[in-house]
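Just below is one structure, and these are the notes that go with it.
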Amino acid sequence: MTTVDQHVVEIVCDSGEGAQTAGQMFGTISARMGYGVWTVEIIPAEIEPPNRSRAGASGNRIRIGTQPIINMGDSADIVLAFNEQVLYSRIDVGAFGRGTRIFLENKWATDPDEGIRKDYADALADFEKRGYVVYEVPMEVECLKVVADARRGKNIWNLGLLCALYQYDPALVGAELEKKFQRKGTKVIEANKDLFKAGYEWCQENVDFGFQVPVQPSEGQSVVMNGNTAAALGIMAAGMDLCSMYPITPATSVSHYLAAAFQRTGGVVHQAEDEIAAIGFAIGASYAGKTAVTVTSGPGLALKTEFIGLAVMSEIPLVIVVVQRGGPSTGLPTRVEQGDLLASLYAAPGDAPKIVMAPTTIAECFHFMITARKLAEAYRGPVIVLTDANLATGQTLFERPVVEESWFAPPVDQSDWQPDVKPYAWDDDTGLSPRPIPGQRDGSYVLTGLAHDENSRIAYDSDINQRSMNRRSRKLHTLHKSLKPPVVHGDDSGDLLVVSWGSTGGAIEEAVDRVRADGGKLSCVSLRFLSPLEPGLKEIFDRFKKVMTIEINYSEPADEPGIPEANRRYSQLAWLLRATTLVDIDCWSRVSGIPLPPGVIEAELRRRINLKPRSGADVRIEAGLGS
Amino acid sequence: MYGLKLDWDPEPETKCFVLQDYQGLEPRWCPGCGDLAVLAALQRLVRDEQIPPEKIAVISGIGCSSRFPHYMKTYGFHGLHGRPLPIASGVRSRRPDLDVFVITGDGDCCAIGTSHWIHAIRYNMNMTVLMLDNNIYGLTKMQSSPTTRLGKKSNTHPRGTILGPLDPISVTLSITNASFVAQTVDWNPPHVLATIRAAHEHQGLSFVRIMQRCPHYTPEIWTEYQQDPSCIFLLDHPDGIPVDAGVARLFENKVDHDPSDLPAARDLAALDEVIPIGLLYRNPDAQRYDLAMHEGLDMPLDDRITAAQAEVDRFLI
């Protein structure tokens with residue numbers, strides 16, 4: 001029995017063999033036991049990839065720990081695989097390292113097909129070379145002792161194995177199985193309980209090692225969910241009752257949950273004919289007094305651009321959730337990237353100042369929705385909330401939010417409008433103005449996307465355009481003044497400051513902590529507001545010898561041959577911060593489509609401050625990521 | 001009705017709306033523009049119906065006719081080229097209490113906004129859509145539109161258009177769940193008013209194509225129809241657009257057409273050389289998407305909070 005403070009488990013199979021179910025259950029059970037948990041879905045790129053395909057891995061990565069877990073971790077410690085081929089897609093993304101223990105279905109060794117037998121043998125040899133420790137397990141044979149069709153049961157048998165490996169209480173799992181298969185009847189429940197028990201006992205009898213992760217139960221209640229569900233719940237808790245969307249990966253699941261939940265909480269999901277109509281519909285609802293939300297990803301953001309410009313120009317409150325994926329074009333639909341920061345800030349004809357915020361955690365995916373609706377209404381314009389595929393599908397637990405009345409939108413104001421108040425009575429200092437809502441007597445005005453004056457009258461004269469642009473821009477300064485400087489993680493000064501935004505924050509924090517524990521003088525800061533930026537950034541940057549961003553979008557290293565310094569392309573936050581602070585901010589980024597593991601970040605940080613690489617998995621993960 | 005309401009209203013202080021209450025800025029359309037006739041008709045309609053101006057939303061796209069909301073003294077939304085229908089649908093989805101009118105043109109509706117046109121017809125949300133069709137792009141200076149006649153010379157087709165026009169009525173009639181399809185001509189104001197009145201009364205999306213000329217770029221397109229009214233079929237039916245004697249006198253070809261007869265409507269729309277005016281099709285039983293969208297709108301705040309709380313609880317561990 002080995003005691004560890006955290007462990008990474010993966011369970012992978014061909015699509016349809018149920019590893020995702022088993023993985024999710026393991027995550028839920030772990031959370032219920034009081035562990036910190038972060039789970040990541042492993043999704044094949046196709047709906048039904050061929051069996052035993054390298055591209056077809058389906059399953060889950062589950063990281064558990066004594067402390068709260070804020071990212072997916074480094075190479076896996078334990079892997080359960082239903083065939084050897086699906087492991088290669090995980091090897092491609094650097095999921096395993098030397099010493100990773102793999103429990104592998106061994107039926108392929110005796111498959112009637114000679115080709116399969118050979119592939120299996122080759123893979124075993126290859127895995128050994130790579131330093132993995134493989135345990136061949138007769139999964140199918142053992143399952144067939146309990147059920148007639150092993151394909152429908154191997155997952156729960158493996159869940160049993162896994163729970164035995166970590167000394168989980170089988171009774172707790174029994175209750176979970178009952179809940180999971182409740183709708184399928186007692187027969188199915190009993191079969192699964194038998195499978196679980198068989199896997200559990202097989203592990204106890206045949207595996208001569210095990211792990212113990214100490215539990216440190218937290219006080220108070222927690223909820224567990226992924227970022228898209230958190231966003232959906234946040235939308236509801238913000239009192240928004242219309243989500244207008246068009247299906248796009250990886251954003252769509254926000255609407256899946258909402259579509260069901262709105263039936264209970266009052267609201268509707270409108271699936272529009274296209275991305276443009278989706279935002280147009282939301283804008284119509286917002287104009288009519290009910291701030292709406294539209295949910296999309298990069299390609300949809302591109303299509304929505306003209307309407308976003310209209311919302312800025314005519315000052316319509318609106319929440320736009322952009323769950324980023326890999327770009328450009330159709331790019332990497334299911335993968336992680338932070339490539340839409342600059343598009344969110346600048347992709348509109350002319351100058352279209354708007355609020356852009358980015359949650360760093362899954363809890364923030366929930367809470368930012370409430371903030372976003374309020375900001376949209378107070379600042380009379382669109383608010384873009386940038387999340388990404390990592391937050392969208394990663395699952396973790398956070399403190400149970402207690403829904404408050406003050407989070408909800410007030411009822412649509414239908415009181416009489418003061419006739420002498422113009423529809424854009426811009427305050428000279430703040431740029432803010434009250435908004436008449438259709439139905440308010442004496443408030444009639446014609447909203448237009450053309451240049452207009454305080455009366456919303458079309459105006460082409462240069463003074464009015466200059467003034468109205470200035471007033472709309474001013475709103476961002478008003479918000480900027482109300483924000484607090486971001487909190488620096490680590491010392492207030494030092495050799496290196498890492499700046500990040502969005503989902504990378506958790507992995508960067510962990511990497512920084514590891515290097516600090518080794519004597520490195522570095523800190524990190526994660527930005528939640530990208531437009532306007534939080535105040536005090538330059539002052540923070542000035543306290544560090546070097547400042548760099550770490551992001552998941554494209555950039556070029558300073559020392560790459562063939563890249564002239566004058567033409568070097570920086571990653572997006574670095575570009576923005578260099579322009580706004582005039583600090584010589586460097587960057588390091590990857591577009592490998594996966595969340596940055598803390599070990600990879602750690603290796604880069606050590607390189608930056610001339611600390612020796614830590615012996616361990618980090619270097620190999622870097623190799624897996626490509627350079 | 002306006003006159004009656006004055007006499008019947010038991011509350012003497014209740015305001016009675018007059019035309020000026022609906023008149024916004026001075027229209028800046030060219031003299032002779034068909035848009036002016038439609039504007040006058042719409043203002044008369046809402047005056048006759050005594051709809052409070054603040055309860056009206058006039059939503060348009062971009063183009064000459066889309067300046068329309070500025071000339072109404074109601075709430076208006078002069079949005080993006082081709083996109084008035086999604087905006088109007090959004091308004092309608094949250095505000096069943098508002099009267100929603102959409103003003104669009106042949107370019108706005110049948111070119112850049114085509115997908116929204118098709119789907120708005122299918123959604124059949126309660127609103128009145130007026131498609132002001134002058135067969136040309138006027139605001140951008142005489143480019144061919146989808147409804148431009150074959151051979152018409154324009155700045156984008158100096159030797160004449162290559163393709164014949166798309167027929168908006170045939171298209172609309174072929175869209176599943178269409179519920180009200182009518183056509184009228186700008187040179188007969190009483191028929192314009194009667195048509196949009198019927199459109200407004202209809203519960204669902206009413207699509208009205210108003211054929212009109214552009215005094216600058218297509219002044220001649222309807223001349224033959226004006227000079228020879230036999231080119232026009234005036235659709236007449238007890239369930240159709242009421243035709244008064246004055247209108248009837250102008251059109252010698254009265255055609256009896258039952259607006260519930262979809263195949264007959266499609267046949268009429270497909271006729272070459274002849275324009276049917278009046279109500280081609282009406283189906284009061286077509287499904288209405290807005291009714292489904294309004295479910296839950298009246299849920300009290302306390303219930304919403306309780307329900308949201310319960311949703312959060314589903315994720316408790």
Checklist line | Alpha carbon centroid spacing (whole Å) that separates the range A:131-172 from the range B:193-245 | finding: 74
Check: Listed highest first by mean packing, meaning other Cβ atoms within 10 Å per residue, what order do A:7-18, A:91-102 come in?
Finding: A:7-18, A:91-102
Check: Hey, if you put +1 on the Cβ of every Lys and Arg and -1 on every Asp and Glu Cβ in chain A, which of A:Pro532, A:Val583, A:Thr334 ends up farthest toward the positive end of that dipole?
Finding: A:Pro532
Notebook entry, point to check: A:Asp428 label point, 7 Å along Cα→Cβ, cut-off 19 Å on backbone N: hits in the range A:445-466?
Noted result: A:453-455, A:463-466
Notebook entry, point to check: So which DSSP H runs in chain A come out at 20 Å plus along the axis (Cα) with average Kyte-Doolittle of at least -1.0?
Noted result: A:19-33, A:186-206, A:298-313, A:362-378
Item checked: Tilt relative to chain B, helix B:84-94 - C-alpha long axis, 0 to 90 degrees, to 10 -> 30
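Need one value for B:288-299: mean number of C-beta atoms belonging to other chains within 10 Å of its residues' C-beta atoms.
Details: counts 0, 2, 0, 0, 1, 7, 1, 5, 8, 6, 1, 5.
That average works out to 3.
What does the charge count near A:Ile62 come to, summing +1 for each Lys or Arg and -1 for each Asp or Glu among other residues with Cβ under 12 Å from its Cβ? Could you put the intermediate results ahead of the total?
Values: positive: A:Arg61, A:Arg63; negative: A:Glu10, A:Glu41, A:Asp77.
Residues close to A:Ile62 contribute a combined charge of -1.
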Checklist line | Highest to lowest packing among B:40-51, B:236-247, B:94-105, scored as the average C-beta count within 10 Å | finding: B:94-105, B:40-51, B:236-247
Checklist line | Listed residues B:Pro27, B:Pro229, B:Pro158, most fluctuating in chain B (Gaussian network, C-alpha, under 10 Å) | finding: B:Pro158
Notebook entry, point to check: Relative contact order, percent, of the range B:2-313 when contacts are C-alpha pairs under 8 Å separated by at least 6 residues?
Noted result: 16
Notebook entry, point to check: So for the range A:1-153, taking the charge dipole from beta-carbon charges (+1 Lys/Arg, -1 Asp/Glu), which of A:Ile70, A:Gln85, A:Ile11 sits furthest toward the positive end?
Noted result: A:Ile70
Margin query: I'd like the distance separating the alpha-carbon centroids of the range A:282-324 and the range A:542-609, in whole Å.
Written below: 31
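Report the net charge of residues surrounding B:Met211, where surrounding means a beta-carbon distance below 10 angstrom and charges are Lys +1, Arg +1, Asp -1, Glu -1. Present the calculation step by step, with values, prior to reporting the outcome.
Working: positive: B:Arg209, B:Arg213; negative: B:Asp106, B:Asp133, B:Asp186.
Local net charge: -1.
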Note to self: Taking each residue in A:542-549, count the Cβ atoms of any other chain within 10 Å of its Cβ, then average. What number comes out?
What the structure shows: 0
Check: Among the aspartates and glutamates, which fall within straight-line cross-link reach of A:Lys184, defined as a Cα-Cα distance under 15 Å, with same-chain neighbours fewer than 8 residues apart omitted?
Finding: A:Glu176
Check: In debye to the nearest 20, how big a dipole does the range A:491-625 give about its Cα centre with +1 on each Lys and Arg Cβ and -1 on each Asp and Glu Cβ?
Finding: 140
Notebook entry, point to check: Under 5 Å between amide H atoms, partner at least 5 residues away or on a different chain: which partners does A:Thr100 have, H built in plane at 1.01 Å?
Noted result: A:Val133
Check: Which lysines, on any chain, are close to B:Lys141 with Cα under 24 Å apart, when same-chain ones fewer than 8 places away are left out?
Finding: B:Lys152, B:Lys153
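Give me the net charge of A:Val146's neighbourhood, meaning all other residues with Cβ under 12 Å from the Cβ of A:Val146; Lys, Arg count +1, Asp, Glu -1. Don't skip to the answer; put the middle values down first.
On the way: positive: A:Lys145, A:Arg152, A:Lys154, A:Lys193, A:Lys197; negative: A:Glu140, A:Glu142, A:Asp149, A:Glu190, A:Asp194, A:Glu201.
Charge balance near A:Val146 sits at -1.
Given Cβ point charges of +1 (Lys, Arg) and -1 (Asp, Glu) and nothing else, what value in debye, to the nearest 20, does the dipole of the protein assembly as shown about its Cα centre take? Provide the component values of the computation, followed by the final result.
Details: 91 positive and 118 negative charges, 273 e Å.
So the dipole magnitude of the protein assembly as shown works out to roughly 1300 debye.
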Notebook entry, point to check: Under the definition of partner shielding as Cβ atoms of other protein chains within 10 Å of a residue Cβ, what is the mean value for peptide A:256-266?
Noted result: 4
Next item on the list: Extending each Cα 7 Å along its Cβ direction at B:Gln309 and A:Gln414, get the distance between those two points in nm, one decimal.
Entry: 2.8
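Helix-only mean residue ellipticity at 222 nm, chain A, DSSP H runs n ≥ 4 weighted -39,500 (n - 2.57), per residue, nearest 500. What is it? Could you put the intermediate results ahead of the total?
Working: 20 runs with 239 residues, N = 627.
Result for chain A, helices only: -12000 deg cm²/dmol.
Would you mind estimating how fast the protein assembly as shown diffuses translationally, via Stokes-Einstein at 20 °C and 1.002 mPa s with the Kirkwood radius over Cα pairs, in µm²/s? Each step should come with its number before you reach the end.
Working: Rh = 31.0 Å.
Answer from the Stokes-Einstein relation: 69 µm²/s.
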Next item on the list: Please report the relative contact order for chain A, taking Cα pairs under 8 Å with a sequence separation of at least 6, and give it as a percent rounded to a whole number.
Entry: 12
Note to self: Taking the alpha-carbon distance from A:Lys545 and a cut-off under 18 Å, which aspartates and glutamates remain once sequence neighbours fewer than 8 residues away in the same chain are dropped?
What the structure shows: A:Asp491, A:Asp492, A:Asp495, A:Asp584, A:Asp586, A:Glu604
Checklist line | Positive-end residue of B:Leu234, B:Pro215, B:Ala292, charge dipole of the range B:213-305 with Cβ unit charges | finding: B:Pro215
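Give A:Lys374/A:Lys475; A:Lys154/A:Lys179; A:Lys290/A:Lys484 a once-over and call out the pairs whose C-alpha atoms are over 23 Å from each other. List each step's numbers first, then the result.
Details: A:Lys374/A:Lys475 14 Å; A:Lys154/A:Lys179 19 Å; A:Lys290/A:Lys484 29 Å.
Beyond 23 Å between Cα atoms: A:Lys290/A:Lys484.
Add -39500 (n - 2.57) for each DSSP H run of 4 or more in chain B, then divide by its residues: what number comes out at 222 nm, to the nearest 500 deg cm²/dmol? Walk me through the numbers on the way to the answer.
Details: 11 runs with 101 residues, N = 317.
Helix-only estimate at 222 nm: -9000 deg cm²/dmol.
Provide the percentage of antiparallel DSSP beta bridges, counting only those with both residues in the protein assembly as shown; round to the nearest 5. Each step should come with its number before you reach the end.
Working: 37 of 124 bridges.
Percentage antiparallel, nearest 5: 30.
Computed from the coordinates by the stated procedures, all read-outs in this text should not be read as laboratory data. What you are looking at is a predicted structure, and each value in this text was computed from that prediction instead of being measured. With ideal geometry, Cβ positions are generated from the backbone for all residues, glycine too; neighbour counts draw on all protein chains shown.
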